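Each value in this text was obtained by applying a stated rule to the coordinates, not by laboratory testing. Bear in mind the structure is a predicted one, so any value in this text is a computation, not a measurement. We place every Cβ from the backbone using ideal geometry, glycine too, and count neighbours over all the protein chains shown.
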Amino acid sequence: MADVAHDGEKVLRGIPVSAGVCRGKILVLDRPDDTSIPRRELSEAELPGQLRRFEQALTETRHQILEVQGKVSQGMGAQDASIFDAHLLVLEDPTLIDEVTKFIHREKVTAEYAFHQVAEKYSATLAAIADEYLRERAADMRDVSERILQNLLGRREGIDLRHLQEPCIIISHDLTPSRTAVLDKKMVLGFATDVGSKTSHTAIMARSLRIPAIVGLGDASRQLHTGQYALLDGYNGQLVLNPTDQTLFEYGQLVRKQVSLEEKLRDAYDQPAVTLDGVRFTLSANIEQAADAEAVLASGAEGVGLFRTEYLFINRDSLPTEEEQYQAYRQIATALKPSAVIIRTLDLGGDKFLSHLQIPQEMNPFLGWRAIRYCLQEKEIFRHQLRAILRAAVEGNIKLMYPMISGLDELNQANALVETCRAELRAEGIPCAAQLEIGAMIEIPSAVLAADALAKRVKFFSIGTNDLIQYTLAVDRLNEKIAHLYEPTHPAIVRLIKMTADAGRARGIWTGVCGEMAGEPVLTPLLLGLGVDELSAAPSLVPRIKHLIRRLKFSDCKELAAFALKSESAAEILARSEQLARRSAPGLFENETKK
Ligand code: PEP
Ligand code: MG
């Protein structure tokens, strides 16, 4: 939605996902489907040149695929690398080559135009066939054609966001978590995307990097042009084009108020997260890389409640070795000692993929080959990670947790592998932790229903509300079109959180929340009242949550939770929790809008 004022100022509204205000020139990234290739008529004399270009593009593509295949083979083994054999076969397909050659001669057009036309026809025909094997060949065909086309057009992987020349606000149709992870904070003032949601890993990464961001802006990437001047408001989800002096002045005031609030929040930096009536909670931080230790310490968190280790694996040419992982885990554990660091084992899949490895395309990636499911099949990768964690745990207060546990079987299999790794390390004479506390993420409804059985076998639960909400309500956490249905205070979610905390308490283990709900001040009273013992949020959000906890009465939170457990309305539960939060710490909320 856009509002245009008389003076040329224009406001686009989306979903705010990472706080902060920035202003500057915008840089619009290409949409992935912006490969429209114009038809250009050529003379007869130009055709041999086009055939040569086509051959060169095939050769270049072949070299690239062989290179990737070699790297994957080194890192993951020959079996995984064999998927590229199918890609190489596409390059040698005589019918395809023949058709493109004839098309160039017959229509007198460029190699890219001819190839694009033929490849599209091939892919469409294969995709429409009922046979699963042939449908998969359509995906191979698309992958390879994309590469050939990029080579014919002389394009590389798009703009390299690691090496931008000047500070800018990035506008893009979408940004993958792996692309977001490499954004250079000095050059990327903020970003806005057409699609996305608050709990996507792209949004989570933006908060972690403290880059102001907005998602769900509709078709901003089509409307806007590189070089336009804009102000991005990550508090309220507004992108203001050509801001007037008055707007800039108002935003200047908003930023000043936020800075002074943050300074005030620092007062409680070394204070515990204890309610007015003396109930103590643990407040931890979520991190994506070992280098985040400084941010954790500066936030006043009591340790790390969730270390998302997948970012050690993505954006690189080969998998991290056991030694590299050991160094990373050791680094964070020693920096934060004696506080706990909960390392979550690899959660690849869903919206996070290794950029160098082609994980098969899935119809429902969030329901597919993800997290513990991936690790229990790719045992070598899992084994290296578990060994690195066991070794690092000698040097600090490390705990381990598994993502996406759906039932007892996966937990038992994973625990058995930990024991095998420990035995191996001992046999090799390598120091490793004799005791390591292991917990399970509770983020699938079946895990809540099996929580009593799981609780007997773990030392803690950590509720991943981002996934628990999407799986319970059947609402894709990435899809802005159904973001209104993604309701953290849905009565079903409230009950599942309570059931988990109760099951944990009955077995004497603690329960935390490490999903994005834990960083939402308006939901803090509800979570505390439902019986969770720990909250873990992005370091930038920790001071707010602590400030609020120290102004809440646990008895009020319990009353609120009792009300919520009887309520039939998500809106009503949210309103009551928000009311309690605002009443208890009004100062936290008064600076959100510019006026
Ligand atoms: C969650 O699902 O709430 C969670 C913390 O894990 P992730 O966001 O990485 O899926
Ligand atoms: Mg999750």
| query | For the stretch 45-55, what does the Karplus curve 6.51 cos²θ - 1.76 cosθ + 1.60, with θ = phi - 60°, yield as ³J(HN,Hα) per residue in whole Hz, taken in order and with x for Gly and Pro? | reply | 5, 7, 5, x, x, 5, 5, 5, 4, 4, 4
| task | Output the peptides 453-466, 199-212, 93-106 sorted from most to least packed, where packing is the average of other Cβ atoms within 10 Å over each peptide's residues. | result | 199-212, 453-466, 93-106
| remark: If one compares the long axis through the Cα atoms of helix 94-107 with the longest principal axis of the Cα atoms of the chain, the angle in degrees, nearest 10, works out at 60 degrees
| request: Enter the angle in degrees (range 0 to 90, nearest 10) between the Cα long axis of helix 245-265 and the first principal axis of the Cα atoms of the chain, meaning the one along which they spread out most. | output: 50 degrees
| query | What's the tally of Lys pairs in the stretch 263-589 whose alpha-carbon atoms lie under 13 angstrom apart, where the two lysines are 8 or more places apart or on different chains? | reply | 6
| Shape metrics for the stretch 263-589, restricted to C-alpha atoms - Rg then Dmax, Å | 19.3, 59
| Using alpha-carbon coordinates, inclination of helix 379-392 to the longest axis of the chain, degrees | 40 degrees
| task | Counting only DSSP beta bridges with both residues in the stretch 263-589, tell me the antiparallel percent, nearest 5. | result | 10 percent
| For the stretch 409-522, what does the equivalent ellipsoid look like in terms of its semi-axes, each the square root of 5 times an eigenvalue of the Cα gyration tensor, given largest first in whole Å? | 32, 16, 12
| Can you pull the three principal axis extents for the Cα set of the stretch 489-570, in Å, largest first? | 31, 29, 22
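Can you give the convex hull volume per residue for the Cα atoms of the stretch 150-219, as a whole number of Å³?
Spread over its residues, the Cα hull of the stretch 150-219 gives 94 Å³ apiece.
Relative contact order (percent) for the chain, with alpha-carbon contacts under 8 angstrom and 6 or more residues of separation? Display every interim value, and only then the final one.
Working: 1136 pairs, mean separation 86.1, N = 595.
Relative contact order, the chain: 14 percent.
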| request: Measure out, as a whole number of angstrom, how far apart the alpha-carbon centroids of the stretch 383-429 and the stretch 182-249 sit. | output: 40 Å
| message | Please compute, for the alpha-carbon atoms of the stretch 474-523, the extent along each of the three principal axes and give them in descending order in Å. | response | 41, 21, 17
| remark: Quick calc, the chain, dipole around Cα centre from Cβ unit charges on Lys, Arg (+) and Asp, Glu (-), nearest 20 debye, gives 1760 debye
| request: Show the residues, 5+ positions off or on another chain, whose built amide H is closer than 5 Å to the amide H of Glu302. | output: Leu283, Ser284, Ala285
| message | How long are the semi-axes of the equivalent ellipsoid of the chain, defined as square roots of 5 times the Cα gyration tensor eigenvalues? Whole Å, largest first. | response | 44, 32, 21
